[in-house]
Amino acid sequence: MYKKIAVCAAFILFLSSLGFQKSFVAGLFNSEASIAEAASTVQYKTTANLNLRTTNSTKGKIILTIPKGKTVQYISKSGTWYKVKYKTKTGYASSKYLVKVPTKLDVEKMKKLGKSEQVILVTNQTASSNKATIQAFEKTNGKWKRTYKMSGVIGKKGMTSDKKEGDMKTPTGKYTLGTAFYRSSKPATKLSVKKITTDSVWVDDSKSKLYNTWQSKAKTKGQWTSAENLNIPQYDVGFVINYNTKRTPYKGSAIFFHVEGKSGYTAGCVATSKSNVNKILSWVKPEKNPVIIMTPKADISKY
């Protein structure tokens with residue numbers, strides 16, 4: 001026993017001497033746990049009363065009998081047997097009497113979509129993460145399908161339900177889609193479209209009557225003290241997210257879906273590759289009441 005511990009310790013020291021980081025060493029020894037955790041999200045349902053055994057054989061001791069129609073969590077496969085978890089017990093069950101439970105689409109977990117038949121869902125794994133997954137869902141003949149799944153970025157400091165001007169966070173919530181915009185090549189979209197010029201700005205001065213609106217810099221000179229220049233590469237193409245349409249001071253402004261820059265985050269918008277932005281724009285159908293929902297993954301069911 002002590003020899004085994006010593007060998008393991010020596011191996012870890014050897015890896016460290018080669019410059020391996022602690023995270024790699026930890027990952028090496030925890031890889032099996034990580035795989036099991038990922039697999040546990042897969043579920044099966046029993047098609048008959050099914051014995052849960054200590055080993056992958058009929059000779060294994062019966063831990064308990066799982067009733068027909070119950071759901072178990074899959075862990076791993078061993079021949080014609082599955083290692084599964086039922087309630088608090090883990091053991092082996094014959095795969096012959098298990099059928100996979102279809103995984104629900106994220107949009108199918110939502111109950112407050114109203115008449116919306118197109119949903120752009122933007123999620124992060126934790127509220128503080130600025131890395132996002134963007135999915136586009138469409139409902140046809142009463143059935144939801146996912147059209148796109150893509151990676152993206154959001155506010156540098158993640159998401160918040162209490163957005164403040166300049167906080168570098170993306171506001172959570174469900175919003176309609178506003179005007180599409182572009183700088184050079186007009187996108188193929190059914191949304192209303194407006195071209196960005198060297199004169200285009202978005203007012204972010206909370207004390208201005210023009211707060212959270214697109215304006216001509218020349219025509220509104222002196223009516224604000226701060227405004228974002230729209231004539232930048234990140235706004236080559238995109239659309240306005242209808243956030244804070246009441247223009248409440250200090251609640252945040254200029255929330256867009258746009259082209260991802262090089263920083264790896266935004267100041268509060270949602271961004272992805274230019275080709276992805278164009279895909280979303282060409283996919284959107286106003287008659288289907290499209291919305292964009294931005295939320296941490298764990299809060300999907302709130303919408």
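Could you say whether any residue in the stretch 56-68 is in contact with a Ser or Thr (Cβ under 9 Å, 6 or more places away or on another chain), closer than 30 Å to V153 by Cα, modelled with pLDDT of 95 or more and not in a strand (DSSP E or B)?
Within the stretch 56-68, not a single residue is in contact with a Ser or Thr (Cβ under 9 Å, 6 or more places away or on another chain), closer than 30 Å to V153 by Cα, modelled with pLDDT of 95 or more and not in a strand (DSSP E or B).
Just name the residue that is nearest to A132 (Cα to Cα) out of those in the stretch 250-297 that are out of contact with any strand residue (DSSP E or B) (no Cβ under 9 Å at 6 or more places or on another chain) and assigned to a helix (DSSP H, G or I).
S275
Can you spot a residue in the stretch 238-249 that is at pLDDT 95 or above, open to solvent by less than 30 Å² (accessible area, probe 1.4 Å) and in a helix (DSSP H, G or I)?
Scanning the stretch 238-249 turns up no residue that is at pLDDT 95 or above, open to solvent by less than 30 Å² (accessible area, probe 1.4 Å) and in a helix (DSSP H, G or I).
Please determine whether any residue of the stretch 146-167 is over 30 Å from L105 (Cβ atoms) and of a type in the set (F, W, Y).
no
For the stretch 81-149, list the strands (runs of 3 or more DSSP E) that sit wholly inside it and hold at least 3 residues that are open to solvent by 30 Å² or more (accessible area, probe 1.4 Å), at pLDDT 95 or above and closer than 30 Å to N56 by Cα; which are they?
Answer list for the stretch 81-149: 81-86, 89-94.
Restricting to the stretch 232-254, count the residues that are touching a residue at least 24 places away in the same chain (Cβ under 8 Å), over 18 Å from V291 (Cα atoms) and not small (G, A, S).
Of the residues in that region, 9 qualify.
Restricting the search to the stretch 150-195, which residues are in a strand (DSSP E or B), of a type in the set (G, A, S) and either open to solvent by less than 30 Å² (accessible area, probe 1.4 Å) or without any contact (Cβ under 8 Å) to a residue 60 or more places away in the chain (or both)?
Within the stretch 150-195, G152, G155, G173, G178, A180 qualify.
How many residues are without any contact (Cβ under 8 Å) to a residue 60 or more places away in the chain and in contact with a strand residue (DSSP E or B) (Cβ under 7 Å, 6 or more places away or on another chain) when one looks only at the stretch 134-149?
6
The values are calculated or read from the model by the stated rules, or taken from the named source; none is laboratory data. Quick caveat, the model's predicted, so the values are computed rather than measured. Methodologically, a virtual Cβ is constructed for each residue, glycine included, from the backbone with ideal geometry; neighbour enumeration extends over all protein chains shown. To get the accessible areas, we keep the full protein, side chains included, count just its heavy atoms, and leave off ligands, DNA and RNA. Shrake-Rupley method; radii C 1.70, N 1.55, O 1.52, S 1.80 Å.
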